[in-house]
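**Q** Okay, here's the structure, questions in a sec.
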Amino acid sequence: MTGYLAGFSGQAVIERAAYYEKLTGWMRKHPNLSYFAILILAFVPNPLFDLAGMAAGALKMPIWKFLVPCLIGKTLKMAMFAYAGAYSIDWLVKFTQ
């Protein structure tokens with residue numbers, strides 16, 4: 001949300017970064033694919049997600065159109081971590097016996 005709000009308010013600090021310019025240009029050209037890009041960037045743990053949030057805010061994307069892909073991506077990521085943790089605990093218990 002902080003990246004989105006920074007972009008929405010027009011006070012984005014990274015507006016001059018090359019990635020930011022490329023991302024906003026791509027999001028302008030492909031508005032429907034930008035939702036998929038937000039979902040993927042929310043799923044993969046990386047700092048580029050903040051840039052995507054700033055770009056979405058700067059493009060005045062409606063907040064719910066930003067939050068829905070974020071919710072899906074973050075939920076899938078955390079489910080993957082939870083399953084990995086559950087399976088690793090079972091593996092550790094079997095390994096120590």
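Read the figures in this text as sums done on the coordinates, not as results from a lab. Values in this document were obtained by computation on a predicted structure and should not be read as measured data. Backbone-built Cβ (ideal geometry, glycine too); neighbour counts: all protein chains shown.
**Q** Do any trypsin sites (Lys or Arg not before Pro) in segment 19-97 lie in a DSSP loop with no more than 15 other beta carbon atoms within 10 Å, and if so, which?
**A** Taking segment 19-97 and a limit of 15 other Cβ atoms within 10 Å, the loop trypsin sites (Lys or Arg not before Pro) found are K60.
**Q** A follow-up question, please. Count the net charge of all other residues whose Cβ sits under 12 Å from the Cβ of R28, scoring Lys and Arg as +1 and Asp and Glu as -1.
**A** Value of the local net charge: +2.
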